[in-house]
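What follows is a single structure, written as structure tokens, with notes after it.
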């Protein structure tokens, strides 16, 4: 057995390179802006493309609901 701390791959926020906001906005515009992110969100996950298991059928049929809100009477 080998021990690996939960913090072994932790990255501090200070480790990220900070870029000026204008450069970040220009980069976002160059790749297509918010539309690029929306397109990515519409793509199916690779796991979702696998055939889904069919749900098990219930053993018994559900009881039909009574008519007229289950016997409640209107005032």
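Readers should treat all values here as calculations from the given coordinates under stated rules, not as data from a laboratory. All values reported here derive from a predicted model rather than from experimental measurement. Every residue, glycine among them, receives a Cβ derived from its backbone with ideal geometry; neighbour counts consider all protein chains shown.
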Query raised in the report: When both residues are 6+ apart or on different chains and their Cβ atoms are under 9 Å apart, which pairs have a first residue that lies in region 1-29 and is under 27 Å from residue 39 (Cβ atoms), and a second that is outside any helix (DSSP H, G or I)?
Result: 27/19
Requested in this report: Go through region 20-41 and give me each residue that's part of a loop (DSSP other than H, G, I, E, B) and either surrounded by 10 or more Cβ atoms within 10 Å (Cβ to Cβ) or in contact with a strand residue (DSSP E or B) (Cβ under 8 Å, 6 or more places away or on another chain) (or both).
Outcome: 32
